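Asker: Following this message is one structure expressed as C-alpha cells.
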Amino acid sequence: MTLGPLMLDVAGTDLTTEDCELIAHPAVGGVILFARNHESPEQVTQLVDDIHAARDPHALVAVDQEGGRVQRLREGFTRLPPLACLGALYDTDKARAKHLAQTMGWLMAAEVRAVGVDISFAPVLDLDYGVSRIIGDRALHQRPESVAELAHAYQTGMHEAGMAATGKHFPGHGAVAADSHLDLPIDPRRYEDIAQWDMVPFERMIHFRLAAVMMAHIVYSEVDANPAGFSRFWIKAVLRDTLGFQGLVFSDDLSMEGAAIAGDHVERASLSLEAGCDMVLVCNDRENAVAVAESLEGYSNPVSHTRIARMHGHAAPELNALRQDPRWKQAVAAVQRCEELPELDLDI
C-alpha cells in the first residue's frame, strides 16, 4: 500500500474504530492534529503511535505549531511567540534575529518531533502588508527579502531537529483583508507585482531546498479566475515550471469557505489534484472526508506518493530526554525573552 492524497482529522484524544478504518483507507495518506486532540505530551505520543500503527506505510502526521495565535500543542510544550517578533528584532539586529529564528525553528520542531508528529505547517512566508487579520503577526516581516532570510534560518533549525519545512500560503496571502476560512478573498494585483513581492520568499526558499508548499485559497483576479489551490497556472506553470519547485504541494483545507467556489468536497479534491496538488486536506467534516476518500479510492500518482513519503520526520529523542538537552534549555530561555505573547486563537 502507498500513501494516498488525502489528509484528514480525528475527533478526540484517542482513535475510534471508525478512525482506524478510515486512516487505513487507500486514499488516505495523512492526519492533521488540532488542539482538541491534545491533553498532554504523553497522550499525543500515544495518539500518534496509534495513527502510525493504523496503516503501513505510516500516515503522515501534521500539526499547525507556528506559535503565537496558532499553536495547537500547548500543555507540556513551550509557549512560542508569533513569528513577527523575529521581524521586529531583524530591524534592529539582523544577526541576532536570524540566530533566534534558527533557535525557534529548532525548538518548535524538536518538541513536535519528540511526540512523533512528522511536520508542522511552517514557516509562514506571507508578507505583512498590515491589512490581513488572519495573517498579521503570523508573518515574519513586511519585506520579502527579510522574510526569506528569517525563513531560511528558521528552516535550518527545523532541519536540525529532523523536520521538513512547509512554506505557506503560495503565492501570498498577506495583501487581502478577507479571511479565506470565512470568505473567498480576491487579490486584484497584477502578476508582476505579486512576483516581485509575495513570491520572492517562496522563490528563495525553493533554492534553499524547501520541502513543501501550501497553496492559498485566494483568487488573483488579474491572473487567473481560479483560486490558487485549484489553478494549473499557479501550481504547474508558476510554482513547478517557472520556480522549479520539485517538492510536495498541499492544498489548504478544502472545508474552508475560500474553497467553496470549486463545488462540493469531492469536486474540490478532484480539481485540486488535477491542478497539481499532491495532497488535499479535508478538516472538521468527517462526512465529506469519507466522501472524498471514497471518490479517490482508485487514485494513483507515484510521484506524489514519493513526495509524501519524504515528509516523514527523522529520528528524534523523546520529550523527557529532550528537556535534559542544554540546547533545549537555552532555546526555551531565548524565546521566552521575546515580546509579550498574545492570546492563542484556536479558530485559525
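Asker: Amide H to amide H, which residues 5 or more places from Gln71 or on other chains are under 5 Å from it, using H placed in the peptide plane?
Answerer: Asp345
Asker: By the gyration tensor of its Cα atoms, with a ≥ b ≥ c the square roots of the eigenvalues, what is the shape of region 6-336: rounded for a/c under 1.5, prolate for a/b over b/c, or oblate?
Answerer: Details: a/c = 1.68, a/b = 1.02, b/c = 1.65.
Verdict is oblate for region 6-336.
Asker: Which residues' amide hydrogens lie under 5 Å from the amide hydrogen of Leu60, considering only partners 5 or more residues apart or on another chain, with H built in the peptide plane?
Answerer: Amide H neighbours of Leu60, under 5 Å, 5+ apart: Gly30, Val31.
Asker: May I pose another question? Determine the calculated [θ] at 222 nm for the chain from helices alone, applying -39500 (n - 2.57) to every DSSP H run no shorter than 4 residues and normalising by the residue count; nearest 500 deg cm²/dmol. It would help to have the intermediate numbers written out before the result.
Answerer: Details: 12 runs with 124 residues, N = 348.
After summing the helix terms and dividing by residue count, I get -10500 deg cm²/dmol.
Asker: Given H placed 1.01 Å from N in the peptide plane, which residues other than close sequence neighbours of Asp187 have an amide H under 5 Å from its amide H?
Answerer: Sorted by chain and number, the residues that satisfy this are Val219, Tyr220, Ser221.
Asker: Once every Cα of region 1-70 carries one equal point scatterer and solvent is ignored, give the base-10 log of I(q)/I(0) from the Debye formula at q = 0.28, 0.29 Å⁻¹, two decimals.
Answerer: Relative scattering, expressed as log10 I(q)/I(0), comes to -1.34, -1.40.
Asker: Just to be sure I follow the rule: in the chain, considering lysines 8 or more places apart or on different chains, how many pairs have Cα atoms under 24 Å apart? Can you show the working numbers first?
Answerer: Values: Lys94/Lys168; Lys94/Lys329; Lys98/Lys168; Lys98/Lys329; Lys168/Lys236.
Taking the Cα cut-off of 24 Å, the pair count is 5.
Asker: Report for region 6-336 the percent antiparallel among DSSP-assigned beta bridges with both residues inside it, nearest 5. Mind dumping the intermediate values first?
Answerer: Values: 3 of 27 bridges.
For region 6-336, the DSSP antiparallel bridge percentage is about 10.
Asker: Using θ = phi - 60° and the Karplus form 6.51 cos²θ - 1.76 cosθ + 1.60, what ³J(HN,Hα) does each residue of region 196-204 get, whole Hz, x for Gly and Pro?
Answerer: Computed from phi, the couplings for region 196-204 are 7, 10, 4, 7, 4, x, 5, 4, 5 Hz.
Asker: Let me ask something else about it. In the chain, which Cys residues have no partner Cys with a Cβ closer than 4.7 Å?
Answerer: Cys20, Cys277, Cys283
Asker: Could you tell me what percent of the DSSP beta bridges with both partners in region 57-216 are antiparallel, to the nearest 5?
Answerer: Working: 2 of 9 bridges.
Approximately 20 percent, going by the DSSP bridge assignments.
Only the coordinates and a few stated rules stand behind these numbers; no lab work does. Keep in mind the model is a prediction, meaning the values are calculated, not measured. No Cβ is skipped: glycine too gets one built from the backbone with ideal geometry, and neighbour counts run over all protein chains shown.
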